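Reviewing the structure listed below.
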Amino acid sequence: MPFRIAVIQMNTRDDKAANLAQAAALIDRAASLGAELVALPENFNYLAPYEGVAANAEPIPGPTTDLLVEKARQHGIYLHCGSIGETVPGGGRVRNTTLLLGPKGEILGRYSKLHLFDIAVGGHAPYNESEHVDAGAELVTAELPFATVGLTICYDIRFPELYRALALKGAQVIFTPAAFTLQTGKDHWEVLLRARAIENQVFVVAPAQVGAHPPNRCCFGNAMIVNPWGTVIARAPEEEAVVVADIDLDYLNRVRQQIPSLRHRREDVYGAPGEAAVRAAARFARQG
């Protein structure tokens, strides 16, 4: 049977209490729209200069995840927790981590961002995530009653081998919570999401940050859900919002039957995008 997913778009800033209150309200709105699975954006509880991110990082479980567990139980929903800064033992650094919760608040999946965003765009201050954030080291899928899902975060979208590896592990829906910059998002965001959906014949679910946040940065927004044909079936307006779409895995199966490209892979020639290859790509990204 089709199931309903909601993606949340937020304008997270440097007031953690206000961010959490807004996230809770948007989860409530998503549940009222009949969503069975609700997805938050990257860094939904705090988005500001790194000094603040480090100060507001938390262990898991911790106050932020306790709130999300409560919301999952309250509404009896599956809840994709966007991402938060997770404290790393030893102090000073964090991981960019997401959880997937079940309707009883149980943890069904946990993933830390593999690829770290180190970039300089002409005319804008450079942003080097790896100076402060430790990369994850594993692929994560989770089995839900209605689908197998894969977990990624933001910059991961630029690494097709990760999405192919998740698809080959059985993922039918892949989550990409993001805080994509305005400068790159206007040209790349939708193209990348649609490409990952088409080439892997999966639903791509992309909650997003929108608008300005300290220090003088701006996120592109356009939270969306893309189907396996590459069609955008839900898109948020340019404001904080909740949008929903009904996910039909029978449709996914029909697409895979019509264009059986996943079965036509030539791994005898170019190999498989297994965990070792993905980890090597992550090491290369960290090393620049």
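Among the residues of region 25-44, which ones are farther than 11 Å from His80 by Cα, of a type in the set (Gly, Ala, Ser) and touching a residue at least 40 places away in the same chain (Cβ under 8 Å)?
Listed by number, the residues that qualify are Ala30, Ala31, Gly34, Ala35.
Restricting to region 31-47, count the residues that are modelled with pLDDT of 95 or more and under 25 Å from Tyr155 (Cβ atoms).
Our first condition is that a residue be modelled with pLDDT of 95 or more; within region 31-47, this holds for 31-46.
Subset that is under 25 Å from Tyr155 (Cβ atoms): 37-46.
Looking only at that region, the number is 10.
Going residue by residue through region 92-105, is there one that turns out to be free of Cβ contacts under 8 Å to residues at least 60 places away in the same chain, under 17 Å from Ala17 (Cβ atoms) and either touching a His at 6+ places or on another chain (Cβ under 6 Å) or surrounded by 17 or more Cβ atoms within 10 Å (Cβ to Cβ) (or both)?
Among the residues of region 92-105, not one is free of Cβ contacts under 8 Å to residues at least 60 places away in the same chain, under 17 Å from Ala17 (Cβ atoms) and either touching a His at 6+ places or on another chain (Cβ under 6 Å) or surrounded by 17 or more Cβ atoms within 10 Å (Cβ to Cβ) (or both), which makes the answer no.
Given (1) more than 18 Å from Val7 (Cβ to Cβ); (2) crowded, with 17+ Cβ neighbours inside 10 Å; (3) aliphatic (A, V, I, L, M), identify the lone condition not met by Ala212.
Going through (1) more than 18 Å from Val7 (Cβ to Cβ); (2) crowded, with 17+ Cβ neighbours inside 10 Å; (3) aliphatic (A, V, I, L, M) one by one, Ala212 breaks only (2).
Grab the strands (runs of 3 or more DSSP E) fully contained in region 142-218, keeping just those with 1 or more residues being more than 27 Å from Ala35 (Cα to Cα) and hydrophobic (A, V, I, L, M, F, W, C).
On the way: elements: 148-151, 173-175, 203-206, 208-213.
Counting at least 1 such residues, we get 208-213.
Under the condition of being closer than 13 Å to Leu20 by Cβ and small (Gly, Ala, Ser), which residue from region 60-82 is surrounded by the most Cβ atoms within 10 Å (Cβ to Cβ)?
Selected residue: Gly82.
Just one of (1) out of contact with any helix residue (DSSP H, G or I) (no Cβ under 8 Å at 6 or more places or on another chain); (2) of a type in the set (D, E, K, R); (3) at pLDDT 95 or above trips up Arg266, so point out which.
Unmet condition: (3).
Of (1) touching a residue at least 24 places away in the same chain (Cβ under 8 Å); (2) under 16 Å from the mean Cα position of the chain (by Cα), Arg235 satisfies all except one. Which?
(1)
Residues checked against (1) surrounded by 18 or more Cβ atoms within 10 Å (Cβ to Cβ); (2) of a type in the set (Gly, Ala, Ser); (3) at pLDDT below 90; (4) closer than 26 Å to Asp250 by Cβ:
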residue: Ser112; (1), (2), (3), (4): yes, yes, no, no
residue: Phe117; (1), (2), (3), (4): yes, no, yes, no
residue: Gly123; (1), (2), (3), (4): no, yes, yes, no
residue: Cys154; (1), (2), (3), (4): yes, no, no, no
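Name the residues in region 9-33 that are under 23 Å from Cys218 (Cα atoms), out of contact with any Asp or Glu (no Cβ under 8 Å at 6 or more places or on another chain) and either part of a strand (DSSP E or B) or not hydrophobic (A, V, I, L, M, F, W, C) (or both), would you?
Passing the criteria: Thr12, Arg13, Asp14, Asp15, Lys16, Asn19.
Residue-wise test of (1) under 23 Å from Leu26 (Cα atoms); (2) in contact with a Leu (Cβ under 7 Å, 6 or more places away or on another chain); (3) in contact (Cβ under 8 Å) with a residue 60 or more places away in the chain; (4) aromatic (Phe, Trp, Tyr).
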{"site": "Arg164", "(1), (2), (3), (4)": "no, no, yes, no"}
{"site": "Gly170", "(1), (2), (3), (4)": "no, no, no, no"}
{"site": "Ile174", "(1), (2), (3), (4)": "yes, yes, no, no"}
{"site": "Ala178", "(1), (2), (3), (4)": "yes, no, yes, no"}
{"site": "Lys186", "(1), (2), (3), (4)": "no, no, no, no"}
{"site": "Val205", "(1), (2), (3), (4)": "yes, no, yes, no"}
{"site": "Ala208", "(1), (2), (3), (4)": "yes, no, yes, no"}
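Against the conditions (1) within 13 Å of the chain's Cα centre (by Cα); (2) farther than 21 Å from Asn43 by Cβ, where does Val205 fall short? Just the number, please.
All conditions pass for Val205, except number (2).
Please work out if Ala57 is among the small types (Gly, Ala, Ser), out of contact with any helix residue (DSSP H, G or I) (no Cβ under 8 Å at 6 or more places or on another chain) and either buried (at least 21 other Cβ atoms within 10 Å of the Cβ) or at pLDDT 95 or above (or both). Before the answer, list the steps.
Values: among the small types (Gly, Ala, Ser): yes; out of contact with any helix residue (DSSP H, G or I) (no Cβ under 8 Å at 6 or more places or on another chain): yes; either buried (at least 21 other Cβ atoms within 10 Å of the Cβ) or at pLDDT 95 or above (or both): yes.
It is true that Ala57 is among the small types (Gly, Ala, Ser), out of contact with any helix residue (DSSP H, G or I) (no Cβ under 8 Å at 6 or more places or on another chain) and either buried (at least 21 other Cβ atoms within 10 Å of the Cβ) or at pLDDT 95 or above (or both).
The values are calculated or read from the model by the stated rules, or taken from the named source; none is laboratory data. Fair warning: this is a prediction, and the values are worked out from it, not measured in the lab. For neighbour counting, all protein chains shown are included, and Cβ atoms are generated from backbone atoms with ideal geometry for every residue, glycine included.
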